[in-house]
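Worksheet: the structure to be examined is printed underneath.
The values are calculated or read from the model by the stated rules, or taken from the named source; none is laboratory data. Note that the structure is predicted; figures quoted are calculated from it, not measured. Cβ atoms come from the backbone with ideal geometry, glycine included; neighbour counts cover every protein chain shown. Protein only, heavy atoms only, side chains kept; ligands, DNA and RNA dropped before computing areas. Shrake-Rupley method; radii C 1.70, N 1.55, O 1.52, S 1.80 Å.
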Amino acid sequence: MDFRNIGVITIIPQIYRAKHTALLNRLWIGIWCMFLAFGRSSHDEEDGGCQENSLSSLQILFKLSLVVLVCYVVFRYCSNNPQHRDQNLNFNHQHQQQLRKNLLESFYEQHIKLSPHVLGHSKAHVSQIVGELIKVGKARQHDTGVIFRGDYLQIGSAYEQHKINSPDCFDILVPLKMPQSLKLEPVFTEVSKKSMPTLHGSIICRVAAPKKSEWVKTYKHFSDCFCTEVNLKHQLSATLVLKWFHWKIQRCLNVIRYQFEERCHITLTVWDDKLILKILPRSDYVCCHISMSVRLIPAFHLGDSVYATAQPWGTTSNQEHLNLDPYWGLNFSKYEQKYLAWFKDQAPSNSCHLKCLQIMKSLRDLSAKTFQPSFTWQWRTIFSSYNLKTAFFLPIASDSL
């Protein structure tokens, strides 16, 4: 789609004025030709004839010129009439808006819009398989360590109805629980934005026991498997939790693999320190035969629908002197979904706010293809879906309140 065609609509007023100028020129040329024709006819008469024919020709030319002058004055008056001018401007403005809308609609339909049928089937398959994984994980666990809470949260653009590119990637938040006697205490970090911008907004999850002496007697296994000790304080390690989570999901997958063997092929891989569940449905099982990737994200509930998520810091930073194990990210996906649902109720039925967001994300990805690999990650971090949603929807919501 070439958006330079939009510039064509800006020359409509110039064409409109040029047409009327050409019409006026043609009228004068026609009158002059008629005058020449009358002059030739008068010269073809006998030499002794009277001069009444030439006089009549001049009279006709004068009358025609007078008529043209009157018409031109009337035309200029009508064109300068404010009401008539406003109507022309409104018509041109509406025409330009309609052309822009048609171009954007065509670009959206051809390059961005996903099939609701395929996306719906994909989400149904993901829900069924992840639900079985969590069910098995909750049934086979020990109370002395981290355990599954028993549910999962569907997050990301696929469940907020603004996904682009392809309906094959999904994000699932898997809530975990601490042992009942241990308490999780989140603490905001004080890392400088300039030295470590990726850690801005992250937290450290300290683990508090009823008594410090119980760490050696009762919680030594938990401390060795899930915590790091900094300044005699135990902090929950995101790296250790990710390793345990990978091992736990792999064991659960071994249990349900036979159950889904005839329906799909399921594998578990680690890509860029992220745990990805690969699902390839059999051709005779579903009508939409596409491979799906599901990112499983371990998280701890902090309260009020806020979660601490284990972040794979290893490949996102070059700060080797800083220990990133105790740093956790914050997730507000439930609030984002509630906000988008509220915004949908407030907006008109024909609102295109989600389409606009999808077009912005598509242009972001299109621009990222031309960058160097080192800058591409920074580009996507700055213009993430979260930042685009905040910049796009927050001013609109503020105006509506």
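Could you state the number of Å between the C-alpha centres of the stretch 328-358 and the stretch 138-180?
20
Would you kindly derive the ³J(HN,Hα) couplings of the stretch 210-221 from the backbone phi angles with the Karplus curve 6.51 cos²θ - 1.76 cosθ + 1.60 (θ = phi - 60°), listing them in order in whole Hz, with x for Gly and Pro?
Per-residue couplings from phi come out as x, 9, 5, 5, 6, 4, 7, 7, 9, 10, 5, 5 Hz.
Can you put 227, 352 in order of accessible area, largest first, using a 1.4 Å probe? Working shown, then result.
Values: 227 15, 352 70 Å².
Descending order: 352, 227.
Once both labels are modelled 7 Å past Cα along the beta-carbon direction, what's the residue 380-residue 187 spacing in nm?
Simple spin-label model gives 3.3 nm for this pair.
Carbon-plus-sulfur fraction of the accessible area of the stretch 238-308, 1.4 Å probe, in percent? Display every interim value, and only then the final one.
On the way: 1850 of 3680 Å².
Heavy-atom surface of the stretch 238-308 belonging to carbon and sulfur, 1.4 Å probe: 50 percent.
First select every other residue whose beta carbon is under 11 angstrom from the beta carbon of residue 326; then total the charges, Lys and Arg +1, Asp and Glu -1.
0
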